[in-house]
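Each value in this text was obtained by applying a stated rule to the coordinates, not by laboratory testing. No experiment lies behind these values; they were computed from the predicted model shown. Using ideal geometry, Cβ is built from the backbone for each residue, glycine included, and neighbour counts are taken over all protein chains shown.
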Amino acid sequence: MLPNTIKNAIQEEVEEKISDVQTLHGGDINQAAKVVVESDKKYFLKWNMDAPPRMFQVEAKGLNLLADTNTNFQIPAVILENEHFLLLSLISEGGGKKDSSFNFGKDLAILHRATHEAFGLDHDNYIGRLPQSNTPHSNWLDFFTLERIEPQIKMGVEAGTLNRTVLRAAEGMYKKLGSIFPSEDPALLHGDLWSGNFMFTKSGNASIYDPAVYYGHREMDLAMTRLFGGFSANFYEGYNEEYPLEDGFDSRVTLYNLYPILVHANLFGGSYCRQAESIIHSYS
């Protein structure tokens with residue numbers, strides 16, 4: 001049931017009474033609903049009365065960053081946000097058209113052309129419900145090591161979900177990373193780009209949402225699209241036509257995906273822990 005404090009805040013913002021709240025399913029962190037007001041305008045709402053500090057505010061910032069780029073992505077517009085909820089414009093799913101996947105790839109490549117002076121961001125955010133540090137670094141190797149991999153390994157070891165042997169193995173891995181990553185400028189990333197965080201709209205364009213944005217190595221986004229599947233060959237063709245990947249990308253995918261696998265290990269445990277340990281030891 002929608003808390004009255006949220007209901008009242010929405011009605012004050014949109015200057016209309018809420019006529020219907022339809023529960024939506026699919027997320028494992030927040031509650032979600034389609035909110036309909038008296039004029040029949042519809043919004044997407046997600047809320048969590050126990051949300052981590054500023055979780056919805058930094059998600060709103062991320063959506064605005066994605067929207068402020070020269071792409072055809074349909075990004076949900078931020079209507080209202082506070083500590084406990086995020087109200088967005090409602091975008092309807094459409095199933096896509098013949099060239100939708102190809103154009104999705106091209107638009108992601110255009111997004112990745114948006115660059116910055118450093119790897120990171122001017123604020124921290126979240127990946128799922130876990131804190132994500134975005135302290136800026138001048139080079140990708142330091143950022144990947146210090147802001148992505150080390151914090152997740154430390155979290156897992158302290159919680160007992162990762163074996164302590166990964167600490168020494170990780171030190172060996174870090175020494176090898178400098179020769180692996182191709183040199184690239186920081187790119188604006190979605191940051192959590194799996195098949196559950198995009199859809200095709202009625203126009204045929206892709207909508208991307210639930211971001212964990214930062215300026216990073218563009219291959220991070222591409223690697224994550226491989227982690228759980230759901231992206232067609234046309235998607236990668238469109239990307240490479242617009243912004244070709246450096247040679248050897250396939251050999252780097254597993255290393256990039258160590259980060260989301262560690263995140264899943266810390267969120268869900270189980271086989272993700274053994275998978276993360278295996279990757280770390282393979283590079284040590």
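Here the Karplus curve 6.51 cos²θ - 1.76 cosθ + 1.60, taken at θ = phi - 60°, turns the phi angles of region 172-181 into couplings of x, 5, 4, 5, 9, 5, x, 8, 9, 7 Hz, with x standing for Gly and Pro. Across region 4-89, Cα pairs under 8 Å and at least six residues apart give a relative contact order of 25 percent. Amide H contacts of Ile79: Leu87, Leu88, Ser89, each under 5 Å away and 5 or more positions distant or on a separate chain (H built 1.01 Å from N in the peptide plane; Pro and chain starts excluded). The packing ranking, built from the mean of other Cβ atoms within 10 Å per residue, places the peptides 165-178, 51-64, 126-139 in the order 51-64, 126-139, 165-178, highest first. Gly105 sits among other residues whose Cβ lies under 9 Å from its own Cβ, and their net charge, with Lys and Arg +1 and Asp and Glu -1, is -3.
Candidates Asn163, Leu63, Leu2 compared by Cα position along the dipole of the chain: farthest toward the positive end lies Asn163, with charges placed on Cβ.
For region 102-210, the relative contact order is 28 percent, taking Cα pairs closer than 8 Å that sit 6 or more residues apart in sequence and dividing their mean separation by the residue count. Here's how it looks for Asp210: its modeled amide H is under 5 Å from none belonging to a residue 5 or more places away or on a different chain. Applying the Karplus relation 6.51 cos²θ - 1.76 cosθ + 1.60 with θ = phi - 60° to region 226-241 yields 3J(HN,Hα) values of 8, 5, 10, x, x, 10, 7, 4, 4, 4, 5, 5, x, 4, 5, 5 Hz, where x marks Gly and Pro.
Phi-derived couplings, Karplus 6.51 cos²θ - 1.76 cosθ + 1.60 at θ = phi - 60°, listed residue by residue for region 212-220: 9, 5, 5, 8, x, 6, 4, 5, 4 Hz, with x used for Gly and Pro. Its Cα centre serving as origin, the chain has a Cβ charge dipole (Lys and Arg +1, Asp and Glu -1) of approximately 700 debye. The H on the amide N of Gly204, modeled in the peptide plane, is under 5 Å from the matching H of Gly96, each at least 5 residues off or on a different chain.
Could you give me D for region 51-112, from Stokes-Einstein at 37 °C and 0.692 mPa s, where the hydrodynamic radius is the Kirkwood radius over C-alpha pairs? Units µm² s⁻¹, please.
Rounded to a whole number, D works out at 249 µm²/s.
Hey, fewest Cβ within 10 Å first, where do Asp142, Asp28, Asp107, Asp20 land in order?
Ordered from fewest to most neighbouring Cβ atoms within 10 Å, Asp142, Asp28, Asp107, Asp20 come out as Asp28, Asp20, Asp142, Asp107.
Applying 1/(1 + (r/R0)^6) with R0 = 35 Å to the Cβ-Cβ distance of Asn234 and Glu150 gives a FRET efficiency near 0.45.
Relative contact order, whole percent, for the chain stands at 20, derived from Cα pairs under 8 Å and 6 or more residues apart.
The packing ranking, built from the mean of other Cβ atoms within 10 Å per residue, places the peptides 228-239, 184-195, 78-89 in the order 184-195, 78-89, 228-239, highest first.
Remark: region 83-224 carries a charge dipole of roughly 460 debye about the Cα centre, counting +1 on each Lys and Arg Cβ and -1 on each Asp and Glu Cβ. In this calculation the C-beta distance from Asp142 to His281 is compared with R0 = 30 Å, giving a FRET efficiency of 0.85. Fully extending the segment from Glu93 to Ser133 would add 11.2 nm, taking 0.36 nm per residue of separation and subtracting the current Cα-Cα distance.
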